[in-house]
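Let me begin by presenting the structure, written as structure tokens, before commenting on it.
The values are calculated or read from the model by the stated rules, or taken from the named source; none is laboratory data. On a predicted model such as this, the values are computed, not experimentally measured, just so you know. Ideal geometry is used to build each Cβ from the backbone, glycine not excepted, and the neighbour counts take in all protein chains shown. Ligands, DNA and RNA are excluded from the accessible area calculation, which covers all protein heavy atoms including side chains. Shrake-Rupley method; radii C 1.70, N 1.55, O 1.52, S 1.80 Å.
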Protein chains: 2
Amino acid sequence: MAGNDDSDIIEHHVEEEMEKKGARSHAESVSPFDREGHSGTQSSHRLLAYSDALISIIATVMILPVSHTKVEDNEELRESVQLLLTTKIAVYLMTFLIVTVAWAAHIRLFQVIVRIDDSLALLNLACMMLITFLPYTFSLMATFPKNFLGILLFCGCVMVMGIIQSVIVLYAFSRPFLLNEQIQISENQTFYKHHILKVIMRVPLMCFFASIFSFIFLQLSYVLLAIVIFLPYISKSLKWCRSKAIGQVEETPDSMLFYTYLPNEPLSKDRVEAFSDGVYAIVATLLILDICTDNVPEPAVVQRKFGGSLIAALQGYGPEYLAYFGSFVTVGLLWFVHHSLFLHVTKTTRFMGLLNTFSLAFVGGLPLAYQLTHEFPHNSRNELEAIQISCVIIFFAGIFQLAIWVVALYNEQETLHPYVRYGGREHVFMLAKLALYPCVALGTFFLTCILSKFSAPIFHLMEITVPFAFFVLRLLVRVALALLRLIFCPDRPDQRSVVEEEDDETRVPFNALVT
Amino acid sequence: MAGNDDSDIIEHHVEEEMEKKGARSHAESVSPFDREGHSGTQSSHRLLAYSDALISIIATVMILPVSHTKVEDNEELRESVQLLLTTKIAVYLMTFLIVTVAWAAHIRLFQVIVRIDDSLALLNLACMMLITFLPYTFSLMATFPKNFLGILLFCGCVMVMGIIQSVIVLYAFSRPFLLNEQIQISENQTFYKHHILKVIMRVPLMCFFASIFSFIFLQLSYVLLAIVIFLPYISKSLKWCRSKAIGQVEETPDSMLFYTYLPNEPLSKDRVEAFSDGVYAIVATLLILDICTDNVPEPAVVQRKFGGSLIAALQGYGPEYLAYFGSFVTVGLLWFVHHSLFLHVTKTTRFMGLLNTFSLAFVGGLPLAYQLTHEFPHNSRNELEAIQISCVIIFFAGIFQLAIWVVALYNEQETLHPYVRYGGREHVFMLAKLALYPCVALGTFFLTCILSKFSAPIFHLMEITVPFAFFVLRLLVRVALALLRLIFCPDRPDQRSVVEEEDDETRVPFNALVT
């Protein structure tokens, strides 16, 4: 892999350009020849954007019931967190997990089918409706874990979705002009069709068995469903074991392009970005919804308690405003880091997508964490814990973003823009951007452990400082580099080679982090 | 305008293609020369997509407090609707209006600034935070209409936003490589800068006066704010009056490209689509959130009331499920119609954007309407009214979509793909797609007026039939055309010319509708 040179990337880019132009031209009539043949054919671009928006909202919005659970001021947070954990956080995490699995399947399907027509658009909408219904089945499962109805409903949805997806595949293969060009010109289309159908039908089949077992032995159903989620990983490791036991099994090279479930299987970068944007956007706006409904005082109360002074009445909501500000700024800046990173990513792989999903799952928890920070009396043990939980969530959201970059660096010739590779001119700056939030969160966490009395001021100071840190980050990095230069090699004259040198120096701790 | 031929459109497309490629290449290193000069420069594509997502969520999510207002079963809907109307619907509509105005300003700004760097991205995020805070100021205004605090907060937000936008403009003009190519190569950049700054600062200036008057004479502040919203229309009509009175005032042709506020000023089609997608997606998912929180019975209640039978307990929620199904299907299909329409729109104008906003405002009200349909006892007067309100909302959402097409047809050489122009082969089919929902809604409305006893079954039948109607719409249109042919000209032999003929026939009622 390391032997590849730049021409690969350029080739890859040109291919991508061509593909995009091809897809667009259908919608915009620049190259009319396809349209002439099949007038109903359309670019799938907007359908996918809409699906991404729907799926990202559904994945994230289940945090709302969690954050609306009333926490009593008197009891310790530990108990109330356990109370929250039992059902609602479980529903949130299960929804996030399953929905992202469904989303990955959707990406795969529409990497094969690159053009759509009206029927496919309507079938896709039906699929989306079933996905948005899944959180309800989880709520039922979480509330009535011993009743078979929740699991039956869930399996029913998944089975119907499987059937619709199969219909989509069969329909698309009956009209080959809808397919990816690679498959269109391929000779073994039938092989592809069967391979894809086999992969798609695996999950509904498992669900069918799970729904049968739900009548007999409920626990087994849950085990089967867990297997469904980790199915690709299990089948991959089984294959790996077999290949070690029997020897290298060579697959048809043709089948390796789609539905491979290899960690470096390409994932549409546009869709990863669209999905992430959706999650970041809904998380950033969730808190203002709460503020609008809960933090407008009743006119009667203002008259009675505060003598008609609205300002006095609103002063009590100060912590809420601060929580909103902190939450929005953190989510916004995490999006900013994500945006900067993906600007320099040229190819997204499945493993990077997985890490991105982990990061987003933590981002989804942010509004909850911030809401907790202002719900408890000042200097209480609960407040300290809420602040520390916030720090942990920010840390993990940031560290998984950093992990995406680290993974990309392993295969940098294929996945990264030259500027952010080892020795590239933006390399150190990107590292600083990605490392800022994890470092700050870690620092705040330990500071609040030591100075537990000042935990709230420290946390709020952090919230306010970080945006400015991002504004002057380029300057900060330059100053840090200059300092490093002064300490380690004070007599180097050439500016350019010095920067090169510093890149080498920052590479050392980075490698240590990787290994 | 009608004298333009096809070459214009093709030229327009090629230009668009070039622009897109140019914008992309910055991010993807295909043409590295710009990057070499200014390494921090980035394509603004994703920043705008994220802003669109944020703004569309904020515009729509304020319907949630409205639909969460508890309506008593006993009283008549009229009273409760009036109770709703007073504050929460006002907040929703004001938010939707102001946020779409801010969004239009944002589009304009980023049609001039086509590339961004880190500082611009961060400034834009600050702007977004202020926009998401606006609904709260409306909530305050609606709850305390006689207190100056709400209006002061609102004006403060708008003024800070104006300052940030001015900083963005100044920053971008100090780095001309960030600007639109037309302005980059133009000689009177300073004129542009002053023109744009003048337009941007108009609104904060009005808000400044409004905030001063809020201390003295509150009503005047509200009037000033209303003027702010309709400022472009007022200034346009004033200009029109002046030009009629004094004679045609010729403006510098160079200044006519951006910030003209003419009805046919181009509006970025990508952004109109992204904003619409966001609204449709959030509306489609709002109801499942309610269902997940409200329609999972308590385990204790199930045990006591239904003897532990979950199925029996869930049967009571039947109407809710039906409302969810109806709401999702209607929103999904309205999105589908919107998607089909915009596939064939080649250029979006400001007037089309306005009509689209009206359509979206009604779409945002759909979940509320559907929730009302199942909240009242069967065959009550309330139920009938809720169903009729739903029909009216669907009708207006659909009719504004149709209006977009009608407006586009007026200038079809520039704005429409040849297939959907008069006599194009998809013309009738597009008309059928766009007219289906308004017709069905109107039909249902009158049917429920006549057969008021069967209003609920009629409405639910409509919900279930419409998706299938879309599936077989192409067939239905063909059958209808064949019937028309049989009736009016039974002895025409040539199939092709017959289709041409039918297009002419359908043109007649269409023209009648326009004039």
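Results, tabulated for the structure shown:
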quantity	calculated
Selection status of A:GLY353, over 30 Å from A:ARG474 (Cβ atoms), within 14 Å of the chain's Cα centre (by Cα) and not polar (S, T, N, Q)	no
Residue in the stretch B:321-336 that is more than 10 Å from every other protein chain (Cβ to nearest Cβ), without any contact (Cβ under 8 Å) to a residue 12 or more places away in the chain and of a type in the set (Gly, Ala, Ser) present	no
Test for A:LEU197: is it open to solvent by 20 Å² or more (accessible area, probe 1.4 Å) and within 12 Å of chain B (Cβ to nearest Cβ)	no
The stretch B:309-360 - residue that is in contact with a helix residue (DSSP H, G or I) (Cβ under 6 Å, 6 or more places away or on another chain) and among the small types (Gly, Ala, Ser) and, of those, farthest from B:VAL101 (Cα to Cα)	B:ALA313
Extreme residue, modelled with the highest pLDDT, among residues of the stretch A:33-44 that are more than 9 Å from chain B (Cβ to nearest Cβ) and under 24 Å from A:LEU267 (Cα atoms)	A:SER44
Filter pass, B:PHE138 being open to solvent by 20 Å² or more (accessible area, probe 1.4 Å) and facing chain A (nearest Cβ under 9 Å)	no
Within the stretch A:216-231, tally of residues that are open to solvent by 60 Å² or more (accessible area, probe 1.4 Å) and not hydrophobic (A, V, I, L, M, F, W, C)	2
Selection from the stretch B:342-364 of residues that are part of a helix (DSSP H, G or I) and either more than 25 Å from B:ILE58 (Cβ to Cβ) or open to solvent by 10 Å² or more (accessible area, probe 1.4 Å) (or both)	B:LEU343, B:ARG350, B:PHE351, B:LEU354, B:LEU355, B:THR357, B:PHE358, B:ALA361, B:PHE362
Residue count, the stretch A:451-470 (criterion: closer than 26 Å to A:LEU334 by Cβ and open to solvent by 90 Å² or more (accessible area, probe 1.4 Å))	3
Qualifying residue in the stretch B:277-300 (condition: in contact with a helix residue (DSSP H, G or I) (Cβ under 9 Å, 6 or more places away or on another chain), of a type in the set (Phe, Trp, Tyr), facing chain A (nearest Cβ under 10 Å) and open to solvent by 20 Å² or more (accessible area, probe 1.4 Å))	no
The lone exception for B:GLN413 - which of (1) open to solvent by 30 Å² or more (accessible area, probe 1.4 Å); (2) within 14 Å of chain A (Cβ to nearest Cβ); (3) not in a helix (DSSP H, G or I) it fails	(3)
Matching residues in the stretch B:182-220 - criterion: being charged (D, E, K, R), more than 24 Å from B:ILE234 (Cβ to Cβ) and modelled with pLDDT of 80 or more	B:LYS193
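So that you can scan it fast, the table gives a plain yes or no per residue for (1) in contact with a strand residue (DSSP E or B) (Cβ under 6 Å, 6 or more places away or on another chain); (2) away from every other protein chain (no Cβ under 14 Å); (3) not in a helix (DSSP H, G or I):
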residue: B:TRP405; (1), (2), (3): no, yes, no
residue: B:TYR422; (1), (2), (3): no, yes, yes
residue: B:LEU434; (1), (2), (3): no, no, no
residue: B:CYS439; (1), (2), (3): no, yes, no
residue: B:PHE454; (1), (2), (3): no, yes, no
